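Just so it is clear, none of the values below were taken in a lab; they were calculated from the coordinates. All values derive from a computational prediction rather than experimental measurement. Reconstructed Cβ throughout: ideal geometry from the backbone, glycine too, with neighbour counts over all protein chains shown.
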Amino acid sequence: MATAHTNLSAFDPNEVPSGKGLKIGVVVAEWNKQITENLYLGAEEALVACGVEKSDIVRTDVPGSFELVFGAKLALEKGVDAVIVIGSVIQGETKHFDFVCQGVTQGIVELNLSSSSPVIFCVLTDNTLQQAIDRSGGQHGNKGVEAAVTALKMVALARS
Ligand code: DLZ
């Protein structure tokens, strides 16, 4: 893709809609934990930099990326302003990768169509562990940061 050699994670908090007073749900998959934890830390840091109180970041852990949809549904039912789902699916020897990616993607699409609060997709779908490392605080930035910025932009859009 066009982003292959680009770090898209740099942002200026002054140019992002304020997160002051917002409650943000973050659902984190435990599979490939070293990756998803770094994505979470990136998202948390960016949300706080944009004015979200740490105590208003409501984290839920789920076993794998396939469970992110159900976790997001529960977070929406609790009445958050936006949800970020964080996962890392890495290609293995079987077709499991395809089914997990398809299931979580379609599930998040459906939640977005039925909810008035946005659900932001922060699921890495990589061929190798190195690609995931590069995108979770490595040479291509941290997609958790980008998801946090996206969440605040989508909340502002929903309120405009
Ligand atoms: C089973 C499985 C496999 C093989 N790989 C991953 C992965 O790379 N990333 C991930 O988040 N989850 C994986 N899972 C677990 C599934 O997402 C799910 O938790 C199980 O199929 C149980 O529903």
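Numerical summary
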| read-out | value |
| --- | --- |
| Ranked packing of 33-39, 140-146, 88-94, most packed first, by mean Cβ within 10 Å | 140-146, 33-39, 88-94 |
| CD proxy at 222 nm, helix term only [per DSSP H run n ≥ 4: -39500 (n - 2.57); per residue of the chain; nearest 500] | -14000 deg cm²/dmol |
| All aspartates and glutamates inside 13 Å of residue 78 as judged from Cα atoms, apart from same-chain residues fewer than 8 positions distant | 56 |
| Cα-derived Rg over Rh, computed across the chain with Rh taken as Kirkwood radius | 0.95 |
| 16 Å Cα-Cα reach of residue 33 towards lysines, excluding residues that sit fewer than 8 places from it in its own chain | 143 |
| Cut-off under 5 Å, modelled amide H: who pairs with residue 123 long-range | 87 |
| Fewest-first sequence of 122, 101 by Cβ atoms within 10 Å of each Cβ | 101, 122 |
| Proxy reagent accessibility, fewest Cβ within 10 Å first, across 135, 159, 59 | 159, 59, 135 |
| Separation of alpha-carbon centers, segment 85-160 and segment 36-77, rounded to whole Å | 12 Å |
| Those lysines that a straight Cα-Cα span of less than 20 Å connects to residue 73, excepting residues fewer than 8 apart in one chain | 23 |
| Rg/Rh ratio calculated on Cα atoms of segment 66-109 (Kirkwood radius) | 1.05 |
| Cα centre as origin, Lys/Arg/Asp/Glu Cβ charges: the chain dipole, Debye | 280 debye |
